[in-house]
Each structure stands twice: as C-alpha cells, then as structure tokens.
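Accompanying notes for the structure given below.
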Amino acid sequence: MNEETDAIIARVVERIPLYLRNNLASKDAGVRKEAEETLAAMISSALANGTAETSED
C-alpha cells in the first residue's frame, strides 16, 4: 500500500461510529459479521472514490 491508501483507510477507521465499533466486538457472530461487512464496504467505497475529508489533529 502507498501513503495515500494508508491515509484513506486511517480516516475511515477514525470515523467508525460507536455502534459499529461495539458490533465489531460483539460475541454474536452474526452481528460481528454484519459489522465487518459494513466496515469493508466503507473502506472499499473510500478507496474507490477517495475522500475529501482530512484528519483533524
């Protein structure tokens, strides 16, 4: 991966909603799988379309 790709993925991860973070840690396999698929779609979309948003440090 290059630096731009890393930055895009990092911004997506920074913006993960709390409910999705909780679902990723769920003991329920179905809930966790749905959350994983949602996160994968978010990352895929950001990589395909880029993102205008930047990290606010």
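Number of residues in the stretch 20-47 that are hydrophobic (A, V, I, L, M, F, W, C) and closer than 19 Å to A7 by Cα: the value is 7.
Going through the stretch 18-29 one residue at a time, which ones are small (G, A, S) and open to solvent by 50 Å² or more (accessible area, probe 1.4 Å)? Matches in the stretch 18-29: A25, A29.
The values are calculated or read from the model by the stated rules, or taken from the named source; none is laboratory data. Just so it is clear, the model here is predicted, and its values are computed rather than measured. These area figures cover heavy atoms from the full protein model, side chains too; ligands, DNA and RNA do not enter into them. Shrake-Rupley method; radii C 1.70, N 1.55, O 1.52, S 1.80 Å.
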